[in-house]
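Engineer: Let me begin by handing over the structure; questions about it come next.
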Amino acid sequence: LLETNKELHQLSITDGLTGLLNRKHILDLLDREISRSRRYGHPVSVLMLDIDHFKNVNDTYGHQTGDAVMRRLADCLCETVRENDLVGRYGGEEFLILLPDSDAQNGVQTAQRIRKMVQDLKIETSGEHVSVSVSIGISSYPQYGQDTNAVICAADAALYQAKSNGRNQVVLSETNVCRQPAAVHVL
């Protein structure tokens, strides 16, 4: 019974396709990290990542290949971040990465490393070689938001800017009030 409960718990917190943390759980962990950061005065950075032109992958190669790309990207993300960083599927082809004890500049370095790793990744599936790129928006607590929603909103706004600027790039948010975003800085 204990083993079954453990398995059920694991299923309830992970994404079925990628094996990453699911949206609800990654957001719960972000709440926890922000509380810990508030208590101890340590920053936490958030990377919001989106696969560029992912619809074209599905349309060109089929959804099974799209699923294989998602799984390989998930593996790549986990291989690229530190052991204590947290990676989750936020929705669709979007991923959320939590970097405890990392300020925005550390977030930028990690995001650039991820972007380059993904850009160089050759995914082989059904005899096809598929390449993808990612756009990444970065935010951090407390610099760009005072709670989970504000930090997520700032990272999302930076991601939107990265996609608007041509994709395959990293953008650091320059806002602390998501309703009134300031300019963003393309890196």
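Engineer: For region 44-106, take N as its residue count and report Rg(C-alpha) divided by 2.2 N^0.38 Å.
Structural biologist: This ratio for region 44-106 stands at 1.24.
Engineer: A follow-up question, please. What aspartates and glutamates sit close enough to Lys116 to cross-link, taking a C-alpha to C-alpha distance under 16 Å and skipping anything fewer than 8 places away on the same chain?
Structural biologist: Hits, sequence-local ones excluded: Asp50, Asp52, Asp75, Glu79.
Engineer: Restricting to Cα atoms and excluding each atom paired with itself, what does the Kirkwood estimate give for region 1-85 in Å?
Structural biologist: Radius from the Kirkwood sum: 15.3 Å.
Engineer: Also, I was wondering about something else. So what J values fall out for region 17-24 if you push phi through Karplus, 6.51 cos²θ - 1.76 cosθ + 1.60 with θ = phi - 60°, rounded to Hz, Gly and Pro as x?
Structural biologist: 7, 9, x, 6, 4, 7, 4, 4
Engineer: If the viscosity is 1.002 mPa s and the temperature 20 °C, what Stokes-Einstein diffusion coefficient in µm²/s follows for region 14-53 when Rh is the Kirkwood radius over Cα pairs?
Structural biologist: Values: Rh = 11.8 Å.
Value of D from the Cα-based Kirkwood radius: 182 µm²/s.
Engineer: Percent antiparallel among DSSP beta bridges with both residues in the chain, to the nearest 5?
Structural biologist: Here the share of antiparallel DSSP bridges comes out near 85 percent.
Engineer: Along each of its three principal axes, how wide is the spread of alpha-carbon positions in region 3-157, in whole angstrom units, largest first?
Structural biologist: 51, 41, 24
Engineer: With a 1.4 Å probe and all protein chains kept in place, how do Ser133, Ser45 rank by accessible area, largest first?
Structural biologist: Final ranking, largest accessible area leading: Ser133, Ser45.
Engineer: Rounded to the nearest 0.05, what FRET efficiency do Asn84 and Lys122 give with R0 = 30 Å and r taken as the Cβ-Cβ distance? Could you check? Walk me through the numbers before you get to the answer.
Structural biologist: Numbers: r = 29 Å, r/R0 = 0.96.
Result of the calculation: an efficiency of 0.55.
Engineer: Rounded to the nearest 500, what is the 222 nm mean residue ellipticity of the chain from helices alone, with -39500 (n - 2.57) per DSSP H run of 4+ residues and division by all residues?
Structural biologist: -16000 deg cm²/dmol
Engineer: With every protein chain in place, what's the accessible area of Arg71 (1.4 Å probe, Å², nearest 10)?
Structural biologist: Its accessible surface works out to 100 Å², give or take rounding.
The values are calculated or read from the model by the stated rules, or taken from the named source; none is laboratory data. For clarity, every value in this text was computed on a predicted model and none was experimentally measured. Neighbour counts run over all protein chains shown; Cβ positions are idealised from the backbone, glycine included. For accessibility, only protein heavy atoms count, side chains too; no ligands or nucleic acids. Shrake-Rupley method; radii C 1.70, N 1.55, O 1.52, S 1.80 Å.
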